[in-house]
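The values are calculated or read from the model by the stated rules, or taken from the named source; none is laboratory data. Not measured: the values here are computed from a predicted model. Glycine gets a Cβ as well: all are built from the backbone with ideal geometry, and neighbour counts include every protein chain shown.
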Amino acid sequence: MTGRNDYWDRERECERFFIERGPFYYISTENLDWMLYESKEEFVVGTNIVAVSSARSGFIVMDDTQMNNHHHIMGAGTLVQANVFVEILHNLERKYQKTMGKPSLKEWSIRIDPVQDIKDFRNKIAYTDRNAYVARLDSTPTGYPWGSAYLFFNGNLWQMKAGIPFREVGGREKRRICRSHEVDMPEHYKVCDGMILRSSFVDYHATEYLFNSANQYFTMLTRRGESDVEIAAILGEHIQIPNEEVFQIVASWNPGKQLTALSLEEKLRTAQKMKQRLASSNRQISLILRLSATEVDRLFPKPQ
């Protein structure tokens, strides 16, 4: 058994490691109105581009998720390395998308945000790993094939060993994977079915070590909250927290009180917090607080 002191001792270890292993940067690309990746083959190319960009820049990927029209990447390295990573990623993606006859990626907005502290690191990892889980009906938190979430705290990884060392791949295949004639890659990179495996280029052990426990990671992974809304707002994305989770959050703002028993004044104050902190829709506010749609629409008029 572990007690309270064990928890705080572990927290101090995590904070020390955060300082030693950093700095960390969070990279996010804009949500395009067209698809970067529409098939398994295209996602494989995108995965290889992330791996190659990491190898050539020295920016170590700690976590990543590829969506159909954008990327989220957490990494460790200097700001210079993060900028080089983005430059390589952009150039390789632009060339690849051109060969596919898709819209030009010449202008592609990519953010590089410094990670402020270990709380910020954990929140952004959870946000990244939830992206596919909340956007797709066919995915579980760790079941999405184009992200790193399945690597973390997975005791079954040893049963899924696959791939061959990159150095053993034929020259033509290496050029196809790297999208260029420059094919020098790290010794630890492994390839399976033409894809550089995430398990070989993502430093998932370091990411694990920055969480207090597996339980902490999975609890954060499966719950959306105010931090998600803040991150989404910064990135220009929109999220909707499920009603069940909003109910729990709002209940925590009013300890010892039934939401249905709140006075009208208390409900209106709570509605303001829901709109500001959770980006709740008018309908969600009406449902959770049992306010009439008319009252909520009067409080938050809909754009004409």
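Here's a check for you: in the stretch 267-291, which residue that is more than 27 Å from the chain's Cα centre (by Cα) and part of a loop (DSSP other than H, G, I, E, B) is surrounded by the fewest Cβ atoms within 10 Å (Cβ to Cβ)?
Taking the candidates together, the pick is ARG290.
Any chance the stretch 179-187 includes a residue that's farther than 30 Å from ALA214 by Cβ, crowded, with 16+ Cβ neighbours inside 10 Å, in the same structural domain as ASP63 (by TED's automatic domain parsing) and out of contact with any strand residue (DSSP E or B) (no Cβ under 8 Å at 6 or more places or on another chain)? Outline the logic, then answer.
The initial filter retains those residues of the stretch 179-187 that are farther than 30 Å from ALA214 by Cβ, namely 179-185.
From what's left, crowded, with 16+ Cβ neighbours inside 10 Å: 179, 183, 185.
Filter again for in the same structural domain as ASP63 (by TED's automatic domain parsing), leaving 179, 183, 185.
Applying the additional criterion that residues be out of contact with any strand residue (DSSP E or B) (no Cβ under 8 Å at 6 or more places or on another chain) yields 179, 183.
Looking through the stretch 179-187, at least one residue is farther than 30 Å from ALA214 by Cβ, crowded, with 16+ Cβ neighbours inside 10 Å, in the same structural domain as ASP63 (by TED's automatic domain parsing) and out of contact with any strand residue (DSSP E or B) (no Cβ under 8 Å at 6 or more places or on another chain).
Do the conditions hold for SER104, that is, is it in contact with a Phe, Trp or Tyr (Cβ under 8 Å, 6 or more places away or on another chain) and at pLDDT below 95?
Numbers: in contact with a Phe, Trp or Tyr (Cβ under 8 Å, 6 or more places away or on another chain): no; at pLDDT below 95: yes.
Taking the combined requirement at face value, the residue does not satisfy it.
Do we find a residue being under 14 Å from the mean Cα position of the chain (by Cα) and either over 30 Å from PHE218 (Cβ atoms) or assigned by TED's automatic domain parsing to the domain that holds TYR26 (or both) anywhere in the stretch 96-106? If you could, list the steps in order and put the result at the bottom.
Start the filter on the stretch 96-106 by keeping residues that are under 14 Å from the mean Cα position of the chain (by Cα), which leaves none.
No, the stretch 96-106 has no match at all.
Which residue pairs have Cβ atoms under 6 Å apart, sit 6 or more places apart or on different chains, and have a first residue in the stretch 1-16 that is on the phi < 0 side of the Ramachandran plot and surrounded by 10 or more Cβ atoms within 10 Å (Cβ to Cβ) and a second that is at pLDDT 90 or above and outside any loop (DSSP other than H, G, I, E, B)?
CYS14/ILE118; GLU15/ILE118
What do you reckon, is ARG56 among the basic types (Lys, Arg) and under 16 Å from PHE121 (Cα atoms)? Reasoning before the result, please.
Numbers: among the basic types (Lys, Arg): yes; under 16 Å from PHE121 (Cα atoms): no.
Here the answer is no, as ARG56 does not meet what is asked.
Based on this model, can you work out whether MET62 counts as in a strand (DSSP E or B) and either farther than 21 Å from GLY236 by Cα or in contact with a Gly (Cβ under 7 Å, 6 or more places away or on another chain) (or both)?
Numbers: in a strand (DSSP E or B): yes; either farther than 21 Å from GLY236 by Cα or in contact with a Gly (Cβ under 7 Å, 6 or more places away or on another chain) (or both): yes.
Criteria met by MET62.
Being in the same structural domain as GLU13 (by TED's automatic domain parsing) and assigned to a strand (DSSP E or B), is that true of even one residue in the stretch 118-139? If you could, list the steps in order and put the result at the bottom.
If we filter the stretch 118-139 for residues that are in the same structural domain as GLU13 (by TED's automatic domain parsing), which is where we start, we get 118-139.
After this cut, where a residue has to be assigned to a strand (DSSP E or B) as well, the list is none.
No, every residue in the stretch 118-139 fails to be in the same structural domain as GLU13 (by TED's automatic domain parsing) and assigned to a strand (DSSP E or B).
So ALA132 ticks every box in (1) modelled with pLDDT under 90; (2) surrounded by fewer than 20 Cβ atoms within 10 Å (Cβ to Cβ) but one. Which box is left unticked?
(2)
Quick check on the stretch 69-92. Is at least one of its residues among the charged types (D, E, K, R) and either surrounded by 15 or more Cβ atoms within 10 Å (Cβ to Cβ) or within 19 Å of the chain's Cα centre (by Cα) (or both)?
Taking the stretch 69-92 as the starting set, the residues that turn out to be among the charged types (D, E, K, R) are 87.
Still in the running and either surrounded by 15 or more Cβ atoms within 10 Å (Cβ to Cβ) or within 19 Å of the chain's Cα centre (by Cα) (or both): none.
No, that holds for no residue.
Checking the condition assigned by TED's automatic domain parsing to the domain that holds TYR127, more than 17 Å from the chain's Cα centre (by Cα), surrounded by fewer than 13 Cβ atoms within 10 Å (Cβ to Cβ) and polar (S, T, N, Q), which residue from SER53, SER39 passes? Talk me through it step by step, then tell me what you get.
Values: SER53 fails: surrounded by fewer than 13 Cβ atoms within 10 Å (Cβ to Cβ).
Exactly one residue qualifies, and that residue is SER39.
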